[in-house]
Amino acid sequence: MEIIEYTEEWKEKWDNFVLQSNNGTIFHLQKFFDYHTPGKFKFNHLIFLDKGEIAAVLPGTLKVGLYESPVGASYGSIVTPDLKFARAMEIVTTLIEYSRKQGWKELLLTSAPIVYEAIQNQNLDFAMLWSGFKYNLHYISSAIKLDKRDIISRFQPTVRRNVRKSLKDPDIRIEMNDRYDEFYPILIENKAKHDVKPTHSYEDLIKLKELLPDNIKLIMVYFKDQPIAGSNLFIANKQVSLCFYNMLRYEFEHLKPIHRVMYEVIKWSTEEGFEYVDIGVSQDTKAENPMTPGYSLIDFKEKFDAKTVMRNTFHIKL
C-alpha cells in the first residue's frame, strides 16, 4: 500500500469512493470542498492506493508539521470501506510511515460519530489507538435513532402538547423550500444573541445548494405567511440527516415553532429512510475548556429523545 497526494484528476474517483464507503460523509466529498473560495484553505488531501485502486482517502491540511483533518468541514479522518482489523492496521501503519518520511511531527484527526457508519465497526479506531494515537478531545453530540415508533409519543410531555397544538393550528404551515433569503437573516439574529456567527455565509449556503442540491434541505415553519422557524439539514450520508442550523423568531416563541420544526425534521428523515437525525454538538462555546458541556442545549435535545454520541479527535506525536 502507498499514499499519494490528491490531484484534480482523482476527483470523480475520490467522490465515488466516499459515496460507496462505510464511513464517508458529505464533508469528505471534493464536491463539498468546492464551495470554499479558492485559496481560503491549502488542502493536502491524501489517497491510499493498493495495486492502483483506492483503499482509503484522508482529506486534510498541513500546518507547520501538523497534519489536520478535517479542514473547512465538520468531519474528517480516514474514509474506508467496512474493514477487517488487519486491513485497518495496514492503513494506519501506512499513514504513520508516510507521515514520518514527510517529516511531519503530529497528526490530528476528527472522525464522524459512529452512527454515521453503514456498518458500525471500530476496527479503525482501535488500530489507531494501538498504533500510538491518543484521544485528544471528545465533543458531546446528540442523535435521535429513527424507528417505527410514533414520533410524538417519544417526546417529553410538554413538547408533545406543543406539537399537537401546532398541528391543529390552521395558521401554521410547513414548507420544504429554498428560501434562504427568509431563513438566513433570522439565523444571524439568533447567533448574535450568543455573540457568534454562522459557520457559513449566505453565499456559502447558496453555493452548497448549487453544488449538492440533493444534500441540502430547508424545512420552514410559517405563521400566516411569516417565517417563524426553520431547520437547515445537511444530508450527511445514507444513514444520517444532520440539523446543521435551526432558527427561531423569538417574537413567536409562544407558538413553540421550534418544537414543530423538530417534529417535521424527524418525520421527514424517518420517511426518507435515514437511521439517525444528528442535532449537532452541545458545547459551552464561552468556556475555556472546549469540552465543557452545554447543559441547557443537551437538555433541550433530550426532550426529543436524543441520545449522546461522541465526536472524537485522535492525536499522535511522531
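Coordinate-derived values only; no laboratory data. All values derive from a computational prediction rather than experimental measurement. Please note: Cβ atoms are built from the backbone with ideal geometry, for glycine as well, and neighbour counts cover all protein chains shown.
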## Note on the structure
Scoring only Lys, Arg, Asp and Glu (+1, +1, -1, -1) among other residues with Cβ under 11 Å from the Cβ of K105 yields +2
### Formal net charge of residues neighbouring D50 (Cβ-Cβ distance under 9 Å; K, R +1; D, E -1)
-2
### Nearest 10 degrees, 0 to 90: helix 202-211 Cα axis against the chain principal axis
70 degrees
### Debye log10 I(q)/I(0) at q = 0.08, 0.13 Å⁻¹ for the chain, Cα point scatterers
-0.39, -0.99
### Sequence-distant residues sharing a close amide H with Y245 (under 5 Å, placed H)
N232
### Query
Assuming a viscosity of 0.692 mPa s and a temperature of 37 °C, what translational diffusion coefficient in µm² per second does Stokes-Einstein assign to the range 20-171, Rh being the Kirkwood radius over Cα pairs?
182 µm²/s
### Summary
Residues whose modelled amide H sits under 5 Å from the amide H of N136, counting only those 5 or more places away in sequence or on another chain, are T313, F314, H315
### Task
Sort all Cα-Cα distances of the range 138-198 into consecutive 10 angstrom bins from zero, then give the percent of pairs in each bin up to the one containing the longest distance.
15, 24, 44, 16, 0
### Message
How high is the relative contact order of the range 191-253? Use alpha-carbon pairs under 8 Å, at least six apart in sequence, and give a whole percent.
### Response
21 percent
### Task
Return the single residue from N237, N136, N246 with maximal mean-square fluctuation; model: Gaussian network over the chain, springs between Cα atoms under 10 Å.
N136
## Note on the structure
The ³J(HN,Hα) series, computed from each phi in the range 287-296 with the Karplus coefficients 6.51, -1.76 and 1.60 at θ = phi - 60°, rounded to the nearest Hz and given as x for glycine or proline, is 7, 5, 7, x, 7, 4, x, x, 4, 5
#### Entry: Reference-scaled alpha-carbon Rg (2.2 N^0.38 Å with N residues) for the range 276-318
1.39
### Query
Count the lysine pairs in the range 66-180 that are 8 or more places apart or on different chains: how many have C-alpha atoms under 30 angstrom apart?
11
#### Entry: For the range 147-274, alpha-carbon Rg over 2.2 N^0.38 Å
1.05
### Hz values of 3J(HN,Hα) by residue in the range 58-64 - Karplus curve (6.51, -1.76, 1.60), Gly and Pro given as x
9, x, x, 8, 10, 10, 6
## Note on the structure
Ranked output for segments 181-190, 281-290 by mean other Cβ atoms within 10 Å, highest leading, reads 181-190, 281-290
### Task
Tell me what the chain gives for mean residue ellipticity at 222 nm when only DSSP H runs of n ≥ 4 count, each as -39,500 (n - 2.57), the sum divided by the residue total, rounded to 500 deg cm²/dmol.
-9500 deg cm²/dmol
### Query
Hey, what did the range 16-128 get for relative contact order, percent, Cα under 8 Å, at least 6 apart?
28 percent
### Query
How do the peptides 306-318, 69-81 rank, highest first, by the average count of neighbouring beta carbon atoms within 10 Å per residue?
69-81, 306-318
### Karplus-derived HN-Hα couplings along the range 124-135 (A = 6.51, B = -1.76, C = 1.60, θ = phi - 60°), whole Hz, x at Gly and Pro
5, 4, 5, 4, 5, 5, 5, 8, x, 5, 10, 5
## Note on the structure
Largest fluctuation, Y180, Y276, Y116 only, Gaussian network model of the chain with Cα springs under 10 angstrom, belongs to Y180
### Summary
So the pair-distance distribution of the range 161-229, from every Cα-Cα distance in 10 Å bins, comes to percents of 18, 42, 31, 9
### Task
Express the relative contact order of the range 147-274 as a whole percentage, based on alpha carbon pairs under 8 Å and six or more residues apart in sequence.
27 percent
## Note on the structure
Note, L297: beta-carbon cut-off 15 Å, +1 each Lys/Arg, -1 each Asp/Glu, net +3
